[in-house]
1. Going by the conditions given, is residue 139 surrounded by fewer than 20 Cβ atoms within 10 Å (Cβ to Cβ) and part of a loop (DSSP other than H, G, I, E, B)?
2. Just checking, does segment 75-87 include any residue being in contact with an Asp or Glu (Cβ under 6 Å, 6 or more places away or on another chain), within 27 Å of residue 318 (Cα to Cα) and surrounded by fewer than 21 Cβ atoms within 10 Å (Cβ to Cβ)?
3. From the residues in segment 278-299 that are in a loop (DSSP other than H, G, I, E, B) and within 26 Å of residue 119 (Cβ to Cβ), which one is least open to solvent (accessible area, probe 1.4 Å)?
4. Would you pick out the residues in segment 231-258 that are surrounded by fewer than 18 Cβ atoms within 10 Å (Cβ to Cβ) and over 14 Å from residue 207 (Cα atoms)?
5. When only residues in segment 259-274 that are in a loop (DSSP other than H, G, I, E, B) and under 24 Å from residue 327 (Cα atoms) count, which is most open to solvent (accessible area, probe 1.4 Å)?
6. Can you tell me which residue among 53, 79, 38, 34 is modelled with pLDDT under 95 and within 16 Å of residue 94 (Cα to Cα)?
7. Considering segment 269-299 alone, what residues qualify as being of a type in the set (Lys, Arg) and touching a Phe, Trp or Tyr at 6+ places or on another chain (Cβ under 7 Å)?
Amino acid sequence: MTAIGCAANPMVSNDNIPGDASSSGDAGTSGDAGTSTGGPRPAFTRGVSTLAGYADPGYLDGNRDVNLFHNPVNVAYAGNGKLYVADFDNSKIRVVDRAGTATTVITPVGFARPFGMAFDAGGVLYVSTDNDQNNGHTLSSGTIWRIDPSSGAVTVIASAIGRPRGLAVLSDGRLAVADNLHHVIELVVPATGQVSLLAGAWDASGFADGAGAAARFATPYGLVQRPDGKLVVCDYANQRLRLVGLDGSVSTLAGTGSAGFADGAMTAARFNHPQAIAIASNGDLYIADSDNFRIRRIAGAAITTIAGDGASGYLDADDRLTSQLHGLEGIAVVPDGSMVYLADGTRGEEGPFNRIRQIDMAPRP
């Protein structure tokens, strides 16, 4: 695939994509037991495991020993034990169950390059695509679709509105949208498709806390709504998490603004292109820190690392902190926080990363 409109932001590059890491002993398991021809997978670990997909790209439904994906970029947990996957280069929405079996959701002609995903309280799925419903692709061709998984009905609710990459369904039913190319946070009314600016200024990249159009973002990506109604936004190129009220007020929640890695207090923590975010029912936040190749968690006022050793690669392991991750563009968490899911794709470059990973967070005896 080309760099234009690829799953990763053009600022992200990886000139030396490693293959599967090697290991010995029982600390982890490297590599796939099979490639595009399939083969028995290792059992799930007690830490980071491969749920579905192989190194090789492809399109194949079936159990976890055979299914194939092509640059999965996002995941959304449906609440019924099923995980929905934005399979970007296959232009499909796929469903994976707890056992790793994959099936495909019905998608219409013209549905291409899906990225953002969010469920509403009734189980309806909203998906953003980089292309419009006629498969047109420009810097403003992004389109939002409504998909009813129970009936298979698919409806375009807002067409050619920019580049919506982050989606969150608000408690009042509206959608919050992060436009990563145009540096704004917007609100969309699903019933009418009306789009309004919440914060930031169109095509004005920068950093500024403030209100409405006076605020500035730099490549905002994933976002979620907290129980208090405020949005937490991954401000990718500003190396920060921003807090956005529904009145348009913007402040900084975490990060110093300098790329790096540091856990600890919110204001002292450092990120390296935080891209995706998910929230558990208790308010804990899970962040895919893409260029640190780690998954971070915010519980209370403290930031910790829950998975990844900081190197780009592929390694499943019982010890979550010795595992290796690569894609980190989309993340989901089950409500009780016992399992975190990750779309571990290629970052928009061809490479051996076409998997769905799971991170077991259940307490151990």
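1. It is true that residue 139 is surrounded by fewer than 20 Cβ atoms within 10 Å (Cβ to Cβ) and part of a loop (DSSP other than H, G, I, E, B).
2. Within segment 75-87 (the criterion being in contact with an Asp or Glu (Cβ under 6 Å, 6 or more places away or on another chain), within 27 Å of residue 318 (Cα to Cα) and surrounded by fewer than 21 Cβ atoms within 10 Å (Cβ to Cβ)), the answer is yes, since at least one residue qualifies.
3. 280
4. Listed by number, the residues that qualify are 245, 246, 247.
5. Top of the filtered list is 261.
6. Exactly one of 53, 79, 38, 34 is modelled with pLDDT under 95 and within 16 Å of residue 94 (Cα to Cα), namely 79.
7. 270, 297
Per-residue answers, yes or no, for (1) more than 19 Å from residue 165 (Cα to Cα); (2) part of a strand (DSSP E or B); (3) among the aromatic types (Phe, Trp, Tyr):
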site: 276; (1), (2), (3): no, yes, no
site: 303; (1), (2), (3): yes, yes, no
site: 306; (1), (2), (3): yes, yes, no
site: 310; (1), (2), (3): yes, no, no
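The values are calculated or read from the model by the stated rules, or taken from the named source; none is laboratory data. Since this is a predicted model, take the numbers as computed values, not measurements. Positions of Cβ are generated from backbone atoms using ideal geometry, with glycine treated the same way; all protein chains shown enter the neighbour counts. The protein model used for the area step is the full one, side chains on, heavy atoms only, and it has no ligands, DNA or RNA in it. Shrake-Rupley method; radii C 1.70, N 1.55, O 1.52, S 1.80 Å.
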